[in-house]
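Here the structure comes first, spelled out in C-alpha cells, and everything after it is commentary.
The values are calculated or read from the model by the stated rules, or taken from the named source; none is laboratory data. In this text, all values refer to a predicted model and were calculated from it rather than measured experimentally. All Cβ positions, even for glycine, are placed from backbone atoms using ideal geometry, and neighbour counts span all protein chains on display.
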C-alpha cells in the first residue's frame, strides 16, 4: 500500500488553496474515498454552496474556533478515517494559535489579545519583542514547553498516526533572519514560509507555494516533494487542477468522470478536455474568503 499523501499548501488569500482542496474532494468521491474537513476559516461550506454544490452531501465539515473543539473533532475523525480517505485542515497554522490561546485562557484567565496588550503596556517604548528577553510575555523556560506540548497533543497524532491522506493549508509569513540553513535554502528565494509552529513544514512530504501572478491566473511552485518515485517539481507553473497536475494519471480520469457527472445536463455539455481551461475562467474567485493578494515568485536560479 502506498504511503498516504501529506500535502501542505500555503500562499496569500485568494490563491485557490480551498478551491484546489475541493477539486481533490471530487476525485476522492469518484475513487470511493471520503473527505473530512477541519475548517478554521469557515470557508468550505460557503465555497461548496457557490461552486461545488455536487459535494454538499459528500464532504463532512467541522468548523472550529478553539483548542478543545479542534481536539475533539480530530479525535472523532480519527475513529472513522481509513487509508483511502482524505483529511483537509484549513488552516493548519491556526492550531498553533489555538494552543497558545488555550494556555493563556487556562493559566491567566484572559483572552490572548488582551493578555498580550497588557504585557505590551508594561514594556518601554523601545521594546523590540514580546517573545524574547527578560520581559517577554511568555517565559521560554516556563510557558513555551507547556504550549508546545499542548500543540503536539493536538497535532502529532494527525501527521504521524492518521492512516489517511492529508491536505493542509497555511498562511504565509515573512522569512526571518533567525531561520536555520534548511529553511533558508527552501524558502529563501521566495521570502516567505508557512506560518505556524516552527516544525509544521517539516512534517509534510510535499509543500507547494500558490501565488496569483495575474488577476485571472494562479501559479504553483513545488518547494518540497519526498514522495519517492513520484516527484513532480513545478516552478511557477500555471495552476488549474492540483489533482491532475500532481496526484497522477490514475486520478486524472477519476477527476474527469467526477467533474462531468457533477455538471447539469451532462449530455448537452461539451466534454471536459484533458487540461480544462475553464478551471481558470470559472476558477477560485474569492477562494478562502480572501482579497486576492498578489505575490510574485522569482524565477528559479540555476
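Here is how the numbers come out for the structure above:
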read-out	value
Neighbours by Cβ (under 7 Å, 6+ apart or cross-chain): first from region 175-198, in contact (Cβ under 8 Å) with a residue 60 or more places away in the chain and on the phi > 0 side of the Ramachandran plot; second in a helix (DSSP H, G or I) and surrounded by 13 or more Cβ atoms within 10 Å (Cβ to Cβ)	196/96
One residue from 211, 206 being farther than 24 Å from residue 36 by Cα and in contact with a strand residue (DSSP E or B) (Cβ under 8 Å, 6 or more places away or on another chain)	211
Test: residue 248 is surrounded by fewer than 15 Cβ atoms within 10 Å (Cβ to Cβ), closer than 22 Å to residue 55 by Cβ and modelled with pLDDT under 95	yes
Tally of residues being surrounded by 19 or more Cβ atoms within 10 Å (Cβ to Cβ) and either within 14 Å of the chain's Cα centre (by Cα) or closer than 25 Å to residue 157 by Cα (or both) across region 177-219	14
Positions within region 1-11 being modelled with pLDDT of 95 or more and in a loop (DSSP other than H, G, I, E, B), in sequence order	11
Hey, residue 70 in contact (Cβ under 8 Å) with a residue 40 or more places away in the chain and under 27 Å from residue 237 (Cβ atoms) or not	no
Filter pass, residue 115 being under 20 Å from residue 161 (Cβ atoms), touching a helix residue (DSSP H, G or I) at 6+ places or on another chain (Cβ under 6 Å), modelled with pLDDT under 95 and surrounded by 11 or more Cβ atoms within 10 Å (Cβ to Cβ)	no
